[in-house]
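Participant: I'd like to ask you about the structure that follows.
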Amino acid sequence: MKILDTRFVRGFVKMADDGFQQGWHERNGGNLSYRLTPVEVESIRPRLNAPGDWEPIGAHVPGLAGEFFLVTGSGKYFRNIVSDPEACLAIIELDETGENYRIRWGLVEGGRPTSELPAHLMNHEVKKRVTGGMHRVIYHAHTTNIIALTFVLPLSDEVFTRELWEMATECPVVFPDGVGVIGWMVPGGEEIAIATSKLMEKYDVVIWAHHGMFCSGENFDHTFGLMHTVEKSAEILCKVMAMTPNKLQTITADNLRDLAKGFHLELPERFLYDKFK
Ligand code: 2HA
Ligand code: ZN
């Protein structure tokens with residue numbers, strides 16, 4: 001099957017363009033990766049390029065040995081993915097140690113996989129383990145309203161989770177485990193990848209202060225929908241904070257407990273702290 005016609009490439013390209021249309025991908029901002037299924041790898045194997053040289057990933061991910069990923073290219077613009085996917089994207093293969101990758105398709109005008117490859121692959125390794133292989137998509141975007149909130153809210157998992165849950169009733173249903181937050185760090189390296197993947201052990205959303213967000217999910221719809229929901233909640237909070245420092249009414253901690261009962265969710269009590277103590 002032609003690689004560009006596969007369902008997973010089409011879904012990937014659509015998701016990337018949806019993110020661009022949202023305004024989350026100025027210039028070369030953001031990156032996306034997808035872990036192929038064994039059936040998908042076999043369906044495209046005859047059309048892969050002859051293997052090139054192994055290159056270091058910049059991280060150690062033995063849990064992903066031998067896996068194939070579709071990834072955005074470093075310095076490529078999300079804006080251009082829909083019109084020229086072969087120049088903007090790559091399929092990479094990992095070696096048996098999980099320390100090196102090689103390009104097997106794409107980047108036809110040259111280039112390398114995303115600068116955030118260590119964070120993407122370390123997140124994939126954690127999520128593959130904790131979800132029993134279910135999660136396949138890792139998405140990083142420069143979501144305006146979440147970034148704005150990282151300048152005015154304390155950078156704690158508890159505060160961000162509670163404030164975001166409180167701004168729209170469906171939020172606790174969409175991300176019942178909450179969100180993780182890390183303070184400002186240099187992007188692109190192993191250190192920020194380690195910090196992010198540690199939080200991915202318990203959350204599907206990790207916020208990078210003054211930078212953006214990482215989301216993980218089973219498929220393109222779930223992962224995009226998660227990013228979209230969190231960012232929309234942040235947008236509502238930004239609007240409310242711009243209008244007034246005091247809400248006249250809100251979704252209370254007890255409302256959230258009732259929601260948990262009604263929707264058969266487990267909302268950890270550490271996010272339902274008493275705000276007025
Ligand atoms: O420019 O988003 O974090 C790509 C990025 C780096
Ligand atoms: Zn970024």
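The values are calculated or read from the model by the stated rules, or taken from the named source; none is laboratory data. This is a predicted model, so every value here is computed, not measured. Counting neighbours? That spans all protein chains shown, and the Cβs are built from the backbone with ideal geometry, glycine included.
Participant: Determine whether Ile138 is crowded, with 23+ Cβ neighbours inside 10 Å, within 14 Å of ligand 2 (Cβ to nearest atom) and farther than 20 Å from Thr250 by Cβ.
Facilitator: Yes, satisfied.
Participant: Can we say Trp184 is within 16 Å of ligand 1 (Cβ to nearest atom), surrounded by fewer than 20 Cβ atoms within 10 Å (Cβ to Cβ) and in contact (Cβ under 8 Å) with a residue 24 or more places away in the chain?
Facilitator: For Trp184, the condition - within 16 Å of ligand 1 (Cβ to nearest atom), surrounded by fewer than 20 Cβ atoms within 10 Å (Cβ to Cβ) and in contact (Cβ under 8 Å) with a residue 24 or more places away in the chain - is met.
Participant: Of everything in region 127-147, what is within 13 Å of the chain's Cα centre (by Cα) and not polar (S, T, N, Q)? Give them in sequence order.
Facilitator: Lys127, His135, Arg136, Val137, Ile138, Tyr139, His140, Ala141, His142 - these are the residues of region 127-147 that are within 13 Å of the chain's Cα centre (by Cα) and not polar (S, T, N, Q).
Participant: If I ask for residues that are surrounded by fewer than 22 Cβ atoms within 10 Å (Cβ to Cβ) and either of a type in the set (Phe, Trp, Tyr) or within 16 Å of ligand 1 (Cβ to nearest atom) (or both), which ones from region 78-106 would you list?
Facilitator: Arg79, Asn80, Trp105
Participant: Shifting gears a bit: Considering Phe151, Phe160, Phe220, which residue is among the hydrophobic types (A, V, I, L, M, F, W, C), in contact with a Pro (Cβ under 9 Å, 6 or more places away or on another chain) and touching a residue at least 40 places away in the same chain (Cβ under 8 Å)?
Facilitator: Phe160
Participant: Does any residue in region 129-144 that is farther than 19 Å from Pro118 by Cβ come within less than 7 Å, Cβ to Cβ, of a residue that is aromatic (Phe, Trp, Tyr) six or more places away or on a different chain, and which pairs are these?
Facilitator: Pairs found: Thr143/Trp24.
Participant: Please go through region 6-22 and pick out each residue that is more than 14 Å from ligand 1 (Cβ to nearest atom) and small (Gly, Ala, Ser).
Facilitator: Gly11
Participant: Please give the number of the condition Leu164 fails out of (1) of a type outside the set (Asp, Glu); (2) away from ligand 1 (no atom under 14 Å from the Cβ); (3) part of a loop (DSSP other than H, G, I, E, B).
Facilitator: It fails just one condition, (3).
Participant: For the structure I just gave you, tell me whether Gly75 is exposed (fewer than 13 other Cβ atoms within 10 Å of the Cβ), under 20 Å from Gly189 (Cα atoms) and not β-branched (Val, Ile, Thr).
Facilitator: Taking the combined requirement at face value, the residue satisfies it.
Participant: Taking Ile81 as meeting all but one of (1) more than 16 Å from ligand 2 (Cβ to nearest atom); (2) modelled with pLDDT of 95 or more, write down the number of the exception.
Facilitator: (1)
Participant: Additional query: How about region 99-111: which of its residues are of a type in the set (D, E, K, R), under 23 Å from Ile44 (Cα atoms) and either part of a strand (DSSP E or B) or touching a residue at least 40 places away in the same chain (Cβ under 8 Å) (or both)?
Facilitator: The answer is Arg102, Arg104.
Participant: Considering only region 71-98, how many residues are in contact (Cβ under 8 Å) with a residue 40 or more places away in the chain, among the charged types (D, E, K, R), outside any strand (DSSP E or B) and within 20 Å of Asn49 (Cβ to Cβ)?
Facilitator: The total comes to 3.
Participant: Return the pair list, or none, for Cβ contacts closer than 6 Å from residues in region 21-46 that are assigned to a loop (DSSP other than H, G, I, E, B) to residues that are more than 10 Å from ligand 1 (Cβ to nearest atom) and of a type outside the set (Phe, Trp, Tyr), at least 6 apart or on different chains.
Facilitator: So the pair list comes out as Trp24/Thr143; His25/Gly19.
Participant: Of all the helices (runs of 4 or more DSSP H) wholly in region 187-277, which have at least 2 residues that are within 16 Å of ligand 2 (Cβ to nearest atom) and surrounded by 13 or more Cβ atoms within 10 Å (Cβ to Cβ)?
Facilitator: 190-200, 220-243
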